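See structure below.
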Amino acid sequence: MKKNIVIIVSAMNMGGAQRVVSILSDHWANNGYAVTLISTFTEKTKSHFQINKNVTLKYLTDSPIFSKKNPLNLLWKLICLRREIKSQNPDVVISFLARVNVATALSTIGIKSSLIICERTWPPFASLNKKFLWIYRVLFKRAKKIIVQTQKSKTWMIKNFPDIDVKVIPNPIIYPLPVYMDQSVSINSLILQNRKVILASGRMVKFKQFDLLIKAFYQIKDKYQDWDLVILGDGEEKDNLNKLSFELGITDRVFFPGKVGNIAEWYKRADIFVLSSIVEGFPNVLLEAMSYGVPSISFDCDTGPGDMIQDGFNGILVDPIEKESGLVNAMKKMIDNEEFLNDIANNAIRMRDKYSVSNIMQKWNNILDG
């Protein structure tokens with residue numbers, strides 16, 4: 001029997017959880033399920049990801065009486081969320097991201113729909129106040145499942161939420177990735193065809209540590225004069241990163257194209273991919289790069305990269321305490337050894353099958369049918 005599914009997320013902006021939501025909703029809509037996507041963000045922003053035309057989109061509204069900062073406005077939004085959920089009469093409600101999970105759990109009290117909570121960060125619920133962990137234990141007790149992305153997250157969840165069934169479902173990878181022409185940025189308009197490219201991608205926030213990557217590239221730029229660094233994405237740290245590049249005198253070697261809708265073309269052009277984050281949940285960009293056969297380097301942060309990369313086989317894992325010196329050594333190792341680079345690339349491509357939409361969606365369908 002085809003389920004009636006409601007998926008709740010903050011907004012469909014750029015992000016790993018949002019990419020997964022777009023894949024799930026598209027797959028289920030194409031397979032005859034009724035899918036409603038509710039955004040808790042009250043403004044109709046343009047989705048970074050393509051949404052299937054058969055998916056019903058709903059947006060919450062702010063109170064016409066109280067200001068956005070007034071706590072009573074949050075209560076208003078909870079009432080609106082509950083009303084939207086009840087109006088759909090779903091078999092299953094699936095929520096993504098910690099604060100949305102709390103709102104969804106509150107809004108579905110007394111509603112018979114199965115509740116599935118998806119936690120994407122490390123440690124789980126990191127954005128919530130740890131003083132209220134006991135409240136979350138009570139609140140999430142009615143959840144049918146909590147879905148996490150890694151075994152390490154599952155271990156943490158079982159320790160802190162012993163009464164809840166926890167399942168590990170990693171992110172799926174779409175190959176080839178879709179192209180959004182209105183957000184496309186031409187590679188050749190920035191990088192000459194005879195240049196080699198070290199690529200990074202993600203939100204420009206401090207925990208991504210793009211500053212370390214820029215400093216590491218600065219240390220190898222003279223030895224490898226035909227290599228450039230490209231960092232895709234946008235965010236609060238962009239001005240600081242531009243400033244750092246300027247101060248190091250490498251603005252002609254480091255490029256910031258912003259968010260791009262044709263990221264597959266950038267993966268195809270890249271010679272090495274680097275993930276410099278100090279913390280991750282399950283980094284989609286690393287998975288994508290590997291599926292395109294880009295030899296990849298990543299800090300071995302708590303969760304994510306270690307689930308994907310077998311060090312020395314399909315990528316290189318760097319101890320985070322080594323900081324830029326670790327990135328320097330890893331990049332040199334790849335650049336200096338073409339045979340090693342090619343072996344890494346060939347082994348990385350296997351990620352396409354392991355994390356394919358069909359394989360990962362089977363795990364999700366088992367959850368729905370269980």
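The values are calculated or read from the model by the stated rules, or taken from the named source; none is laboratory data. Only a predicted model underlies this, so the values are computations on that prediction, with no experimental measurement involved. Cβ: placed from backbone, ideal geometry, glycine included. Neighbour counts: every protein chain shown.
Summary table below
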| read-out | value |
| --- | --- |
| Members of the range 179-208 found to be hydrophobic (A, V, I, L, M, F, W, C), touching a residue at least 60 places away in the same chain (Cβ under 8 Å) and more than 13 Å from Val230 (Cα to Cα), listed by number | Val179, Met181, Phe207 |
| Tally of residues being under 28 Å from Trp156 (Cα atoms), in contact (Cβ under 8 Å) with a residue 60 or more places away in the chain and either among the hydroxyl-bearing types (Ser, Thr, Tyr) or not assigned by TED's automatic domain parsing to the domain that holds Leu229 (or both) across the range 264-319 | 3 |
| Test: residue in the range 185-199 that is on the phi > 0 side of the Ramachandran plot and either at pLDDT 95 or above or not assigned by TED's automatic domain parsing to the domain that holds Ile23 (or both) | no |
| Any hit, the range 3-10, residues being in a helix (DSSP H, G or I) and either touching a Cys at 6+ places or on another chain (Cβ under 7 Å) or not small (Gly, Ala, Ser) (or both) | no |
| Hits in the range 286-308 (condition: surrounded by fewer than 24 Cβ atoms within 10 Å (Cβ to Cβ) and among the β-branched types (Val, Ile, Thr)) | Thr303 |
| Which listed residue is of a type outside the set (Gly, Ala, Ser), surrounded by 13 or more Cβ atoms within 10 Å (Cβ to Cβ) and part of a loop (DSSP other than H, G, I, E, B), from Tyr218, Tyr224 | Tyr224 |
| Selected residue (only one of Lys268, Lys243 is out of contact with any Ser or Thr (no Cβ under 7 Å at 6 or more places or on another chain), surrounded by fewer than 18 Cβ atoms within 10 Å (Cβ to Cβ) and under 23 Å from Tyr180 (Cα atoms)) | Lys268 |
| Total residues in the range 138-178, condition touching a residue at least 12 places away in the same chain (Cβ under 8 Å) and either under 30 Å from Tyr224 (Cβ atoms) or in a helix (DSSP H, G or I) (or both) | 15 |
| Residue match in the range 57-74 (condition: in contact with a Cys (Cβ under 8 Å, 6 or more places away or on another chain), in a loop (DSSP other than H, G, I, E, B), in the same structural domain as Gln149 (by TED's automatic domain parsing) and surrounded by fewer than 17 Cβ atoms within 10 Å (Cβ to Cβ)) | yes |
| Selection within the range 302-322 - modelled with pLDDT under 95 and assigned to a loop (DSSP other than H, G, I, E, B) | Asp302, Thr303, Gly304 |
| Lone unmet requirement of (1) assigned to a loop (DSSP other than H, G, I, E, B); (2) out of contact with any Pro (no Cβ under 7 Å at 6 or more places or on another chain); (3) β-branched (Val, Ile, Thr) for Ile278 | (2) |
| Test for Val318: is it of a type in the set (A, V, I, L, M, F, W, C) and under 19 Å from Leu229 (Cα atoms) | yes |
| Residue in the range 28-43 that is on the phi > 0 side of the Ramachandran plot, modelled with pLDDT under 95 and either surrounded by 15 or more Cβ atoms within 10 Å (Cβ to Cβ) or of a type in the set (Val, Ile, Thr) (or both) present | no |
| Cβ pairs under 6 Å, 6+ apart, first in the range 227-253 and within 28 Å of Asp336 (Cβ to Cβ) and in the same structural domain as Ser186 (by TED's automatic domain parsing), second in a strand (DSSP E or B) and of a type in the set (Asp, Glu) | Arg253/Asp228 |
